[in-house]
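The values are calculated or read from the model by the stated rules, or taken from the named source; none is laboratory data. Computed from a predicted structure; not experimentally measured. With ideal geometry, Cβ positions are generated from the backbone for all residues, glycine too; neighbour counts draw on all protein chains shown.
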Amino acid sequence: MEDFETLLKGSAEAHGHLCPGQVVGVRMAMEGCRLIDLDNPDRLPQIKKLIVYVEMDRCATDAISFVTGARLGRRSLKFVDNGIMAATFVNLETGKAFRIVSNETSRDLAEKYAPEIMDKNGQQILAYKRMPLEDLFAIQEVQVTVNASDMPGPTRFKAVCQNCGQVVRDKREVMKDDQTLCRPCAMGTYYQAIEKKDNKQGKKMQAHAHGEKQSLCS
Ligand SMILES: [Zn+2]
Ligand SMILES: [Zn+2]
């Protein structure tokens, strides 16, 4: 693995700016990987051995993904929407796993570790670089059972929604009133369809909703 400053520079570039979250995320990811004995997690063969659970979709998450190489699209990055700045690093080969939580108290310690910086953002960035890990994080060894349907690799599970015909992968279907349903049918959608009767795209979307059309990618 590259050194801290090189990783921080790369992560700030990928994220779009240097921020306290990048410092925290890079340090969290480096420590997480060290604890589960992966020194090159973003390259083969180790890239297949790592799964990272992140519990918040904020700045540090990008840094963790950058350092570890864990990605949503590889199924190696799992988002658990807890609103907690924490991540769990799992070595699939050995089963070793550690959950690292960012201490709320570290915010108050920023002044102690970088008293010469007045600007709050700059002070946090420098302080989080200097702070010992025990001030920055609470670390706990844990056990994580990764379901077969959450593992990377080819699709192993497919179901068809009995209401709309949509193919659902990875056991994300729902049983409701003895029917196998996709989540939009069973639980509602985060979007509302705009029906434009004279518009081709609108017709297509309606057809899709009624199961006459399936998405193409497998
Ligand atoms: Zn940021
Ligand atoms: Zn459906």
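The residue that is surrounded by the fewest Cβ atoms within 10 Å (Cβ to Cβ), among those in the range 73-109 that are part of a strand (DSSP E or B) and within 12 Å of the chain's Cα centre (by Cα), is F79. Inside the range 33-72, residues that are touching a residue at least 60 places away in the same chain (Cβ under 8 Å) and within 16 Å of ligand 1 (Cβ to nearest atom) make up a count of 1.
Residues considered: T94, T105, T88. Of these, the only one that is in the same structural domain as R75 (by TED's automatic domain parsing), touching a residue at least 24 places away in the same chain (Cβ under 8 Å) and farther than 30 Å from Q46 by Cα is T105.
Listed here are the residues, each with its yes/no results for (1) among the acidic types (D, E); (2) within 23 Å of M131 (Cα to Cα).
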residue: E5; (1), (2): yes, yes
residue: K9; (1), (2): no, yes
residue: V23; (1), (2): no, yes
residue: D39; (1), (2): yes, yes
residue: L44; (1), (2): no, no
residue: Y53; (1), (2): no, no
residue: R58; (1), (2): no, yes
residue: K78; (1), (2): no, no
residue: T88; (1), (2): no, yes
